[in-house]
1. Sort out which residues of segment 367-414 are of a type in the set (Ser, Thr, Tyr) and free of Cβ contacts under 8 Å to residues at least 12 places away in the same chain, and write them in order of number.
2. Looking at (1) surrounded by 17 or more Cβ atoms within 10 Å (Cβ to Cβ); (2) farther than 30 Å from ALA273 by Cβ; (3) at pLDDT 90 or above, which is the one condition that is false for ILE308?
3. For segment 87-101, enumerate the residues that are open to solvent by 50 Å² or more (accessible area, probe 1.4 Å) and modelled with pLDDT under 85.
4. If you take the residues in segment 102-116 that are modelled with pLDDT of 85 or more and of a type outside the set (S, T, N, Q), which one is most open to solvent (accessible area, probe 1.4 Å)?
5. Kindly list, by first and then second residue, each pair from a residue in segment 80-104 that is in contact (Cβ under 8 Å) with a residue 12 or more places away in the chain to a residue that is of a type in the set (D, E, K, R) and part of a loop (DSSP other than H, G, I, E, B), limited to pairs with Cβ atoms under 9 Å and residues at least 6 apart or on different chains.
6. Take the conditions modelled with pLDDT of 90 or more, within 25 Å of the chain's Cα centre (by Cα), more than 20 Å from LEU241 (Cα to Cα) and not small (Gly, Ala, Ser) and apply them to LEU387. Does it pass?
7. Just to be sure before I move on: is ARG326 farther than 18 Å from LEU188 by Cα, at pLDDT below 75 and either over 36 Å from the mean Cα position of the chain (by Cα) or not assigned by the TED database to the domain that holds PHE393 (or both) in the structure I sent?
Amino acid sequence: MANETMPTSPTAVAIAADDGSGGSPFGEANVTGISVENPSLVEGLLALAMNASGAERCRLQQQAEELLQDVACPSFFDMVSCWPRTPPGTLAVLPCFAELKGVQYDSSQNATRFCNVDGTWDNYTDYDRCEHLEQPPPLPSFEPEIELPTLIYFVGYSISLAALVLAVAVLVYFKDLRCLRNTIHVNLFLTYIMSSSLWILILSLQITVKLEVAGCIFLVTLFHYFSTTNFFWMLVEGLYLYMLVVQTFSGDTLRFRKYAIIGWGGPLIFVGAWAIAKPFFGSVSNLEHPSKLEIECSWMRESHIDWIIQGPSCAVLVINLIFLLRIMWVLITKLRSANTVETRQYRKASKALLVLIPLLGITYLIVIYGPVEGVGSHIFAITRAILLSTQGFVVSLLYCFLNSEVRQTLRHHFYRWRDERNILSGKVNNHHRRPTFSKDNSPRSRTESTRLTTTTSAPLI
């Protein structure tokens, strides 16, 4: 029966430099009882083998063993383990590998390979005891697939969407608030609602499911259209205020139909031209710094052809900036001519300026360009996301919920509803009287008669 032994490791091979007979150390030497003619060469090859691994280590051991003159199974690499030199008729034993191709195995067990009597290895290596270990499931990765600015856009657009829907409902439902100025506000709010809704929808679909080509083209085109209409209705707001304040014409001189043609028809021309030219121009993708959220729809990638719609939007912002400067100049001139304290005049002018900035889209000019590298770029991206995503909320807050006319109308209808309910229930509150208005002093009459030229904040809001 063959002996089952652990094969001699190359590091355990003792090279006798001196056999005790006083001969030269470079004479005949014994390696574990085996004669060799050049022990220094064997030492060098074995030292190299110590620093190698796998097949290379086995190859170096084989070169060293070619100088040995006994019969044994040479070092052998079976594509998994390196079996060292083993005496004939012996079952070589090695510990199982701990890892192979990313799979963990039980290294406390052993693998075996038999060395035949004639000094040749058996054709089979027994790895049956090397069983792989059951690994615990990996911990879920908490690295977000969506970057922080994108998350801020999502939250900001959601808040703006809710506020804008409520603002449109208020301005449309109450007849006392129906006038040309509020109608223009409603159309501006609608562009905010549509662009925010489409942005949220596209992002949600991009994360959950793959957009088909046709669906991608349709949604992206709609998004660009309503985003462009948002800028053009800002232009309408600026034009209306400019004619009201600077040109001293009534805002009703231009009918709503003309404003609608500018706000809804103008973007249709530019977005239509963009949609026709987009398939013929390649997109510009940043391969060195890819986004965590991979864009699979080619129509969503930026390209030079996008300037067909970006150019008019930038022109609208520049025109609105000119309108703002002219309006502020007229307001400051009128305030100086009034008999009021100078500090109060500048306070009113500053308030009017802050109110007009989001309405005319000047916020976009503030964050149109910033750093692209370093910590500053991250701070700029977060700041830009906060300002742009919440602009719809700010506009609805200033021009609806904080508007004195809207608040007075809501208060008036609330008091009337409360009194009607008390009358029906037989509990009339005698100590409170609902405010009454004469025909000439109705809320709507005051709305139509109030003009921006006589005050700084209320008509603007």
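1. Of all residues in segment 367-414, those of a type in the set (Ser, Thr, Tyr) come to 369, 377, 383, 389-390, 396, 399, 404, 409.
Answer for segment 367-414, where residues must be of a type in the set (Ser, Thr, Tyr) and free of Cβ contacts under 8 Å to residues at least 12 places away in the same chain: TYR369, SER377.
2. Failed condition: (2).
3. Result: ALA98, GLU99, LEU100, LYS101.
4. Ranking the qualifying residues of segment 102-116, first place goes to PHE114.
5. From residues that are in contact (Cβ under 8 Å) with a residue 12 or more places away in the chain, the pairs are PRO87/ASP70; PRO88/ASP118; CYS96/ASP106; CYS96/ARG129; CYS96/GLU131; GLN104/GLU134.
6. Numbers: modelled with pLDDT of 90 or more: yes; within 25 Å of the chain's Cα centre (by Cα): yes; more than 20 Å from LEU241 (Cα to Cα): yes; not small (Gly, Ala, Ser): yes.
So LEU387 fits the description; yes.
7. Working: farther than 18 Å from LEU188 by Cα: yes; at pLDDT below 75: no; either over 36 Å from the mean Cα position of the chain (by Cα) or not assigned by the TED database to the domain that holds PHE393 (or both): yes.
For ARG326, the condition - farther than 18 Å from LEU188 by Cα, at pLDDT below 75 and either over 36 Å from the mean Cα position of the chain (by Cα) or not assigned by the TED database to the domain that holds PHE393 (or both) - is not met.
The values are calculated or read from the model by the stated rules, or taken from the named source; none is laboratory data. Keep in mind the model is a prediction, meaning the values are calculated, not measured. Backbone-built Cβ (ideal geometry, glycine too); neighbour counts: all protein chains shown. Protein only, heavy atoms only, side chains kept; ligands, DNA and RNA dropped before computing areas. Shrake-Rupley method; radii C 1.70, N 1.55, O 1.52, S 1.80 Å.
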